[in-house]
1. Scan the stretch 160-204 for residues that are without any contact (Cβ under 8 Å) to a residue 40 or more places away in the chain, buried (at least 16 other Cβ atoms within 10 Å of the Cβ) and assigned to a loop (DSSP other than H, G, I, E, B) and jot them down.
2. In the set 333, 288, which member is without any contact (Cβ under 8 Å) to a residue 60 or more places away in the chain, basic (Lys, Arg) and open to solvent by 60 Å² or more (accessible area, probe 1.4 Å)?
3. Looking at the stretch 243-268, which of the residues that are open to solvent by 100 Å² or more (accessible area, probe 1.4 Å) and under 28 Å from residue 312 (Cβ atoms) is modelled with the lowest pLDDT?
4. Can you give me the ranges of the strands (runs of 3 or more DSSP E) entirely in the stretch 50-123 with at least 1 residues that are open to solvent by 40 Å² or more (accessible area, probe 1.4 Å)?
5. Only one of these is at pLDDT 65 or above and surrounded by 11 or more Cβ atoms within 10 Å (Cβ to Cβ): 24, 46, 20. Name it.
6. Take residue 144 and decide whether it is farther than 22 Å from residue 49 by Cα, under 17 Å from the mean Cα position of the chain (by Cα), touching a residue at least 40 places away in the same chain (Cβ under 8 Å) and surrounded by 16 or more Cβ atoms within 10 Å (Cβ to Cβ).
7. I'd like the residue in the stretch 150-159 that is under 22 Å from residue 350 (Cβ atoms) and not in a strand (DSSP E or B) and, out of all such residues, is least open to solvent (accessible area, probe 1.4 Å).
8. Can you say whether residue 315 is open to solvent by 40 Å² or more (accessible area, probe 1.4 Å), modelled with pLDDT of 85 or more, at negative phi and not in a helix (DSSP H, G or I), as far as the supplied structure shows?
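The values are calculated or read from the model by the stated rules, or taken from the named source; none is laboratory data. Everything numeric here is computed off the predicted structure, so don't read it as measured data. With ideal geometry, Cβ positions are generated from the backbone for all residues, glycine too; neighbour counts draw on all protein chains shown. When the accessible area is computed, the model is the full protein with side chains, heavy atoms only, and any ligands, DNA or RNA have been set aside. Shrake-Rupley method; radii C 1.70, N 1.55, O 1.52, S 1.80 Å.
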Amino acid sequence: MKKKRIAFLPDIDPKIYLSFGLIFILSLIFFLYQYFRHVDCENANFYIHAEEYIVNKIVEFNDNTKGATSWEWDFGDSTEIDRRQRTIHYYKRPGEYIVKLKINGNCIHEKLITITSISQQTGYLPIIISPDVATVGEAVHFNAEKDGGESWEWSFGETGNTDALEKSTLYHFKTTGDKKITLIVNGDVEHTAIKTIYVAPKVIKAKQKIDIKSYEFEKSHSSFSLPQGEAQKDPLVDMLQYIPVSPKAKLKKDSVVSDNKIPEISNEQFQILLNQVAAQTKTKDDFKEYLCDKYNIPVVVNDENLIPFDQFCQKISGKKIKITALRLSKDSKNCIQNINIHYKIKKWMMWMEE
């Protein structure tokens, strides 16, 4: 007797088996495809490099992520997407940019880079182009040499404020002396360019040239000599006869007192006393013996102003000063006769002439 074979799931259509088999094969192919093109998004290997991250300088972008086959670089400045594995780009404006890299269409990575308008190289400064010597009242041309500059702040050492905002400008100096020119580009105070020029007085030309033909030469001594005649008595002899009392002779004691000199004070010691006057720990009375009780001696300030000494002490009292030059003129008894001083005061964190 033969055993009857029982078919496995005899009621299922064979086409269903075929469909499941096909789905399995496709799933396997897709799995293998995804496996071999899989990228570990947590371990992407890409870098951004530049010698200096400043405007108009080339920045290099490169990706070495294992398994990466496609790339999409978004540089964060609204420019077109770059689909190369390695590429370069430059930024036209300073600021912070978020660079996005999409790898194989699904892994997205971001990096923040900062683009500045000023080079960070040590000692890099804008260059001030101007003459070294100028003349009062005449136009002086100033120009700046600096790549990537967008704003310019000129100060010409007379007002202590910003005098011009253009890259190239003209200025008329009103006073003489050394002038410190400063230039700040793009607001970068740490890289301020400084140049000192000398402003000379205006040369006054003669209105009329001297003509050698019209010049009167010195006359000979004979033109001034008196005519010869008889000798006459000097009238001074008769006048001296009527002087009742001769001048009192100077006592020996008085001559000793007059020859005594006041204590000597050096320029450095005098400068220390002036700094103490500015700090309000000394007054003009502390200079009494050196001035021989004369507080109205002239003081020439910065080759421009002339004021008495007592007014000068009031002027610097309570201010922070820096004396750059000091000259004292004394008589034979060491009494100070006049003072010539150059100094600056500190305003708005800067030293400037008052």
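1. Listed by number, the residues that qualify are 163, 167, 173.
2. Criteria check complete, one pass: 288.
3. Just the residues of the stretch 243-268 that are open to solvent by 100 Å² or more (accessible area, probe 1.4 Å), to begin with: 244-245, 247-248, 250, 252-253, 259, 261, 264, 268.
Now drop any that are not under 28 Å from residue 312 (Cβ atoms), which leaves 261, 264, 268.
Details: 261: 71, 264: 82, 268: 84.
Only one residue tops the list, namely 261.
4. Values: elements: 59-63, 71-74, 86-89, 95-103, 107-115.
By residue number, 71-74, 86-89, 95-103, 107-115.
5. Numbers: 24 fails: surrounded by 11 or more Cβ atoms within 10 Å (Cβ to Cβ); 20 fails: surrounded by 11 or more Cβ atoms within 10 Å (Cβ to Cβ).
Result of the check over 24, 46, 20: 46.
6. Working: farther than 22 Å from residue 49 by Cα: yes; under 17 Å from the mean Cα position of the chain (by Cα): yes; touching a residue at least 40 places away in the same chain (Cβ under 8 Å): yes; surrounded by 16 or more Cβ atoms within 10 Å (Cβ to Cβ): yes.
So residue 144 passes the test.
7. To start, the set of residues in the stretch 150-159 that are under 22 Å from residue 350 (Cβ atoms) comprises 151-159.
Then keep just the ones that are not in a strand (DSSP E or B); that gives 151, 156-159.
On the way: 151: 46, 156: 1, 157: 42, 158: 52, 159: 68 Å².
For the stretch 150-159, the residue satisfying everything is 156.
8. On the way: open to solvent by 40 Å² or more (accessible area, probe 1.4 Å): yes; modelled with pLDDT of 85 or more: yes; at negative phi: yes; not in a helix (DSSP H, G or I): no.
Spelling it out, it is not the case that residue 315 is open to solvent by 40 Å² or more (accessible area, probe 1.4 Å), modelled with pLDDT of 85 or more, at negative phi and not in a helix (DSSP H, G or I).
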